[in-house]
Amino acid sequence: MKIVENIDLAPYNSFGVSVKAARYAEVTSAEDAAELFARPEVTEQGWMALGDGCNVLFTKDYDGTIVRVADYAIDIESEDSESVTIRVGGGVEWDDMVEWCVEHNLWGVENLSLIPGEVGASAVQNIGAYGQELADTFVSADVYDTTTHSFKTLVKSEMGFAYRRSLLN
């Protein structure tokens, strides 16, 4: 895990606004997440998840911890004659994942091309375009519950997907 104090957030938001965060943490694993959220300065001073910064406009310094998922893996988890399930790290750019699927002749998400943001945020809003939404192909998400300090796997039926909504909103 990488933690940097008093960091300029200009490179981490699409507007390039130069504000400071008290801390910036990149987590690359479940163990990193557990370690980060065990730190009192994170739980007491607040935290904010930040993907590629395309939907954020910083207007002042942030006194808490900016948390970024730095898991960029895409792997085939299982496949049979009718379907393929892939595991995608939360830090993967959504459009990069769509491109990867197309390059591997895996169809089902191609209508969701060019949507900004990272895979980790896609389930929060149930992203969609051209008559398709994430819920159409979603299987599960591995999440860390910061209140119970435990890991969970949420399956599609638990997500409460609706138009631009999910359990994670």
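Here are a few things to note about the model shown:
- Residues located in the range 120-169, provided they are modelled with pLDDT under 95, assigned to a helix (DSSP H, G or I) and in contact with a helix residue (DSSP H, G or I) (Cβ under 7 Å, 6 or more places away or on another chain): 122, 123
- The residues in the range 72-125 that are within 21 Å of residue 165 (Cβ to Cβ) and touching a residue at least 40 places away in the same chain (Cβ under 8 Å) can be counted, and the count is 8.
- Test: residue 107 is open to solvent by 20 Å² or more (accessible area, probe 1.4 Å), over 21 Å from residue 30 (Cα atoms), modelled with pLDDT of 95 or more and more than 14 Å from the chain's Cα centre (by Cα): no
- From the options 118, 110, residue that is in contact with a Gly (Cβ under 8 Å, 6 or more places away or on another chain) and among the charged types (D, E, K, R): 118
- Residues (farther than 13 Å from residue 64 by Cα and either part of a helix (DSSP H, G or I) or open to solvent by 20 Å² or more (accessible area, probe 1.4 Å) (or both)) located in the range 26-46: 26, 28, 29, 30, 31, 32, 33, 34, 35, 38
- Among the residues of the range 104-122, those that are among the aliphatic types (A, V, I, L, M) and closer than 16 Å to residue 54 by Cα comprise 114, 115, 119, 121.
- Any hit, the range 79-92, residues being touching an Asp or Glu at 6+ places or on another chain (Cβ under 9 Å), open to solvent by 30 Å² or more (accessible area, probe 1.4 Å) and either in a loop (DSSP other than H, G, I, E, B) or modelled with pLDDT under 95 (or both): no
The values are calculated or read from the model by the stated rules, or taken from the named source; none is laboratory data. A quick note: this is a predicted structure, and the numbers were derived from the prediction, not measured. Neighbour counts run over all protein chains shown; Cβ positions are idealised from the backbone, glycine included. What goes into the accessible areas is simple: the full protein's heavy atoms, side chains included, and nothing from ligands, DNA or RNA. Shrake-Rupley method; radii C 1.70, N 1.55, O 1.52, S 1.80 Å.
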